[in-house]
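Structure first, then comments.
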Amino acid sequence: MGKKKLVVLLAIAVMLSSMFAVQFNVKQVQAQQLGPASDVIYFRQISDDNQAMTAVTLGGDVAGGTDIHFYRVPPPLVTELLQNHPEVGIIFNPQGGYLSLILNPVPMNVTGVFNPLEYREFRYGLQFILERESKIVTEIQKGYATPWLTPVAYYSYDYLNVASTVESLGIRDDLNYGYQLMTDALTKAGAVKGADGIWRYNGVPVSLKVFIRTDDPVRTAIGNDLVAKLRNFGIQVSTLTGDLLAAFAAVYGSDPKDLMWSIYTEGWGATSLVKYQDTAVYQYLASPLGYMPGWATPGFWNYANSTIDKLATDLVTGNFTSEQERNQILNTVIKLGAQESVRIFLAEQYDAYAYNSRRVSPADLVNEYAEGIANRFTLYNIKPINNTSAPIVVGVKYLSQGAANPIGGLTDVYTVMMYYAISDPGIWRDPHSGDVIPWRENFKVVYASPVANYNVPADAIKWDAIHEKWVTVGSGLKAKSVVTYNFTFGNWQDGSPNNIYDILYGLYFLWQWSGNPNSTRYSATYASAVGPFVNQILGVKVSPDGKSLTLYLNYWHFDPNEIAVFLDPWATTPWQLMAAMEQLYVSGFGSWYDSEAQARGNAWLNPLASTHAQAMRNVLLQFNSSNFVPDAFTSGWNVTGLPQISMSEVYTRYTDAVKFINTYNHAFYSNGLFILAQYVSGTLAKFIANRNDPLNPSKWQQFTAEDRAHIDSISYPQLPSYVTQGQTFTANLQISIANIGPATGDQIRSAYFLYDPTGKFIQSGNLTYGGTPGSFSVSFSTAGFIPGLYKITFYVVSKQALWPDVESVQFLVKTPTVTTTTTTSITGSGGTTTSITIPTGTTTSTPTITAPSTPSGVDVYTILIIVLAIIVVAALAVVFLRRPRA
Amino acid sequence: MGFYSYLAVRSINVFLVIVVTMALTIGLFFNAFHDIKVQAIKDEVRGIISGICRTNPARCQNQTDIQNYANQLTATLMHAQGLDKPWYEQLWPILRDILSFNFGRAQSLQADNGDNTVSVIIAERIPRTVLLLGTAVLLTTIIGLVLGLYSANKPQGILDKTVIVAGLTSNAFAAWWVGLLLQFIFAYQLRLLPPIGIMDYTIPHNNFFDVFVDVLRHLTLPLTSLVIVSVGGWALVVRNLLISTLAEDFISAARSKGVPERRILFGHAMRSAAPPIITIVALSVAGIFGGAIITETVFQWNGLGWLIWQAIGRLDMPVILAFFYISTILIVIANFIADMLYGIFDPRVKTG
């Protein structure tokens, strides 16, 4: 019996352990599954914002519902959703969009008409009357915005590099001060304010035309407020209203000297997060890119400040020798731009994004600090909460609003979102810090110097667009930077191999299509787009095993990662598709760019479109039957040092591409985590997981956490305590980083800004790390300080997540008093300070998600029902109260 | 004039009306078309110049040189599209193309298959609009006829009064409001029907029946909203037309002969009132291709109405022009057919 018991026990133990082992193994297998978290994701187009929000409340498992919407919630709906729909979660993105004004400063000696905007002081005065904090942020944007004073965004890595300059500008809400500046400017210019309050120049009323974008209620409100203030000041203002198309005609399409507009309300969307704001500064302040009045259009009057242009160009081309020099240039440009005030920056808007919390966990969503949750990482991580079979449904405003060719297409954010789903980049950026991160390629910056000192090997190669072949660069070239990329190849989604031939084909394309205007393989638009970059590549060298490539560049940046990302050679389109599209361009079927297609009178090449995909398929079949090998793989190939591409691979490429097009009826594929399995234009796109992607899921899972810094507490002399003039003010802060714990000095960047009792900025500095994790302090002498209430603002941001925490406190500075032995009657225990907690002002802190109370009122449906009832009663009365026929 | 002569004269009339209407439309919008195309070329040139300045700033130092280059490039591109010709030389080719249904390429819109040829885009949308609005017109006509007929047969009766009240009320409704209300109730609250679209592409359709049922489900709400706003008014029109007809002597005679009531209504009264009814129906059919813009937009029904909404929003002039042309043709042809049918049903108006 004992033996039997033992055997039974053993058998049970074996069974249990094997079950456990199976469970464990299954979990292991599940953990190692490659590809994204969801097997299937749908994009459903819902263009109406109200319908889109209603769809989110339903959830993607209900007909017509969605799990998340990849477009911002209209501000009026945010509160309504938070209050009335507990099943809907909201995530805020602090850099959703930007608002600004562009001014037309064309001088009177050009037009013959007095233009107050010609005068810098007048323009600068406008900065103060706009009341960013009280009017735009608080009243118009309901708190869902931050004041924006310069091109460097508040939520950007560069902000702390320019903060002192920005603060020292002293731009604030001060209507009277602004009016005073404007008055002084006009008086100096010779204008006179009459008894009727109207400004006149030579007896003619001073007038301005303000173009207000009426398709955006926020800009409408800003424009109307500005108009009211200008009229109040005594300027005659006429308003022009319209949408983007009207703006194209009146503003962007007109010569500033025609004075069809004076002020225009601009709005900008945020693209992906970048660390350094050089390009933004260049775009917003310098004239060459065509964003300043005149729009770089030959024949128009063009605004230009040569100093700003030169400095901004230096910034964007890396014409500096150190980080300090770069920051100095940046600060100078910022200051000059503010003084010029041709473009006046108003606010950074918060965008709200909605998701259904019954279906989706916020822990699976990645909030990229520019694109919001509509980014590739969210697509990679998102999955239904309880792993039901109902797949994730993502609502999108549009599936696509343009073409999807990789050269001149992908111009709208909707098509780009689909491209994110299907493609793996070589290098990408951390969604929270903007840091460059390797994705399908690792890189090493072998050499970097502001001075070109590195001898480029004579056997480095480049494509000669004139002779249409690969050539060696020869000796004598010197590079500023050298970067080696090591690729993680795999397969394209059509099954064909992804390898070094795709990389080299991309480089051939870059040189060929921009290099020889006499060739059929040349696009002027493409040449102008890539011109600034292609000249920076001195040559390339491929490793014999074809797994890495070295770039020799005439470009330098103090941050080596920015050198690596400057010209990432990774290919996201297989060469066989590129070759087919090239053939379609040359044959006149289509063009790369929309404007090019308009000018050439043909189609904008779009691999997403079935007719274009069929055309590409026909070309590929033709290539296959004629044994065509692109000259990018034959002409001068021996200098690459690589083996010739085999014909079997060539055939495989063509046939696999044809098979894919036959299966899916489009040619929009790449090497990424999702395959576009179904596309119904204007309605739906279905993506299925690509389990053959070689990347480990941990690569994108890490971004679901935001390691933001937080000021946990501030200890300082709170009222009624005070600091005696001449004494040292000290504040001790406890700072932590989410998901990490108390912060150390190297984990955060910090600053404080001090304002005197008049609100004037007087000094800034850094927080001092106390040596113990979490403890930081600020100390400074108050010698020379005038008595009064001072404000100090602490700005703390972690290096891993660029969303700062900002807290402001106030402290009192008093003149020294002579102590006496007389007892004075004071409240509280004598001589000791009672600590009274006074709420700290948070002028620029991150907004909490609390919904303000909505005014009570009658909704639209109720009104319409009342109207309907009145009509029915009236009709009944008419009918039933008629006298019957005799 | 004999009937066939009349037919020939009317046909020529129809053709002339179409030609003159389109010529006037093109003439009125010619400047707009021209400016839009020229602006597109200027944008292209500006982009090229901007790129040159970025690539090689030295080239842009000499403003005269770069200006000359820009002018030359602009002239070349304009010449390629014939935009440099005088307006009277451009007008005829445009008119000729349009009359032959060659509308060129859309500026930004595309068909589902990616083709941006305007005729392809429109041809793709027409069946969807016909399905929605054709069904709506059919249902409205049938229901309206029946209701109008029975209410005219018993004036001041319960049905008659109900039809009057319902007719006046529904006529006052805005189609978009009814659509939104139906969406709110049946799609979002009761979750019985899908809110938008033509089909649900997330569910598999194994056979034609699946497709049929799915499309029918998606069709229900927009169709219902269109019928609700139209049927009341239509019933009132029929009622008013028939009320006097039913009071005629020949109807009394038929009744006294013992003809079944149903035959009296549908065989005698209806036939007598047919000409104006058919005229109205014929004109409604023409209205199909006006596309119920608002209804299609509310329900994201991918037909002609939504197409013209998108085209207006994007100022896609070739599509707008093509839409106007087709609408003009259909209205003119519908009038023509109505004329012919009137002549067939009412011998008194066959000849002038």
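The values are calculated or read from the model by the stated rules, or taken from the named source; none is laboratory data. Owing to the predicted nature of the structure, the values given are computational and were not obtained by experimental measurement. FYI the Cβ positions are ideal-geometry reconstructions off the backbone, even for glycines, and counts take in every protein chain you see. Note: areas computed on protein heavy atoms with side chains; ligands, DNA, RNA excluded. Shrake-Rupley method; radii C 1.70, N 1.55, O 1.52, S 1.80 Å.
List of remarks:
- A:Trp295 being part of a loop (DSSP other than H, G, I, E, B) and either of a type in the set (Gly, Ala, Ser) or buried (at least 21 other Cβ atoms within 10 Å of the Cβ) (or both): yes
- Qualifying residue in the stretch B:74-85 (condition: more than 14 Å from chain A (Cβ to nearest Cβ), modelled with pLDDT of 80 or more and either over 17 Å from B:Ile320 (Cα atoms) or surrounded by 14 or more Cβ atoms within 10 Å (Cβ to Cβ) (or both)): yes
- The residues on offer are A:Ala63, A:Ala11, A:Ala52, and the sole one that is aliphatic (A, V, I, L, M), at pLDDT below 90 and within 18 Å of A:Val394 (Cα to Cα) is A:Ala63.
- Qualifying residue in the stretch A:511-525 (condition: open to solvent by less than 10 Å² (accessible area, probe 1.4 Å) and at pLDDT 95 or above): yes
- Residue in the stretch B:203-225 that is among the charged types (D, E, K, R), closer than 16 Å to B:Arg128 by Cβ, within 13 Å of another protein chain (Cβ to nearest Cβ) and assigned to a helix (DSSP H, G or I) present: yes
- Residue list for the stretch A:298-324, filter: over 23 Å from B:Ile66 (Cβ atoms), in contact (Cβ under 8 Å) with a residue 24 or more places away in the chain and in a helix (DSSP H, G or I): A:Leu315, A:Glu323
- Residue list for the stretch A:661-694, filter: in contact with a Lys or Arg (Cβ under 6 Å, 6 or more places away or on another chain), under 21 Å from A:Arg617 (Cβ atoms) and within 9 Å of another protein chain (Cβ to nearest Cβ): A:Gln678
- Among the conditions (1) within 9 Å of chain A (Cβ to nearest Cβ); (2) closer than 30 Å to B:Pro276 by Cβ; (3) open to solvent by less than 30 Å² (accessible area, probe 1.4 Å); (4) free of Cβ contacts under 8 Å to residues at least 24 places away in the same chain, B:Gly157 misses just one, which is (1).
- A:Phe794 at pLDDT 95 or above, within 22 Å of A:Leu169 (Cβ to Cβ) and aromatic (Phe, Trp, Tyr): yes
Conditions tested, residue by residue: (1) surrounded by 21 or more Cβ atoms within 10 Å (Cβ to Cβ); (2) more than 12 Å from chain B (Cβ to nearest Cβ); (3) at positive phi; (4) within 23 Å of the chain's Cα centre (by Cα).
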| residue | (1), (2), (3), (4) |
| --- | --- |
| A:Ser272 | no, yes, no, yes |
| A:Gln277 | yes, yes, no, yes |
| A:Tyr282 | yes, no, no, yes |
| A:Ser287 | yes, no, no, yes |
| A:Tyr291 | no, no, no, yes |
| A:Trp301 | no, no, no, no |
| A:Ser306 | no, no, no, no |
| A:Lys310 | no, no, no, no |
| A:Thr313 | no, no, no, yes |
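- Residue match in the stretch A:38-45 (condition: open to solvent by 90 Å² or more (accessible area, probe 1.4 Å) and either under 27 Å from A:Tyr369 (Cα atoms) or modelled with pLDDT under 85 (or both)): yes
Quick grid of which residues meet (1) outside any helix (DSSP H, G or I); (2) in contact (Cβ under 8 Å) with a residue 24 or more places away in the chain:
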{"residue": "B:Met78", "(1), (2)": "no, yes"}
{"residue": "B:Leu91", "(1), (2)": "no, yes"}
{"residue": "B:Leu95", "(1), (2)": "no, yes"}
{"residue": "B:Ile98", "(1), (2)": "no, yes"}
{"residue": "B:Asn113", "(1), (2)": "yes, no"}
{"residue": "B:Val120", "(1), (2)": "no, no"}
{"residue": "B:Ile126", "(1), (2)": "no, yes"}
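- Number of the exception - A:Asn327 against (1) without any contact (Cβ under 8 Å) to a residue 60 or more places away in the chain; (2) more than 27 Å from A:Pro76 (Cα to Cα): (1)
- Among the strands (runs of 3 or more DSSP E) confined to the stretch A:399-460, the ones with at least 3 residues that are within 15 Å of A:Leu553 (Cα to Cα) are located at A:441-448.
- Restricting attention to the stretch A:33-78, the residues that are of a type in the set (Ser, Thr, Tyr), facing another protein chain (nearest Cβ under 9 Å) and closer than 23 Å to A:Trp268 by Cα add up to 1.
- When the stretch A:609-628 is filtered for residues that are modelled with pLDDT of 95 or more, within 14 Å of chain B (Cβ to nearest Cβ) and open to solvent by 10 Å² or more (accessible area, probe 1.4 Å), the ones remaining, listed by number, are A:Gln614, A:Ala615, A:Arg617.
- Residue within the stretch A:193-211 that is open to solvent by less than 60 Å² (accessible area, probe 1.4 Å), modelled with pLDDT under 95 and either under 30 Å from A:Pro74 (Cβ atoms) or in contact with a Pro (Cβ under 8 Å, 6 or more places away or on another chain) (or both) present: no
- Out of A:Arg219, A:Arg200, sole residue that is free of Cβ contacts under 8 Å to residues at least 40 places away in the same chain and touching a strand residue (DSSP E or B) at 6+ places or on another chain (Cβ under 7 Å): A:Arg200
- Qualifying helices (runs of 4 or more DSSP H) (wholly inside the stretch A:538-650; at least 3 residues being of a type in the set (D, E, K, R)): A:594-600
- Just one of the numbered conditions (1) within 11 Å of chain A (Cβ to nearest Cβ); (2) within 16 Å of A:Ser681 (Cβ to Cβ); (3) surrounded by fewer than 17 Cβ atoms within 10 Å (Cβ to Cβ) is not true of B:Pro127: (1).
- Among the residues of the stretch A:558-577, those that are farther than 17 Å from A:Asp424 by Cα and open to solvent by 10 Å² or more (accessible area, probe 1.4 Å) comprise A:Phe558, A:Asp559, A:Pro560, A:Asn561, A:Glu562, A:Phe566.
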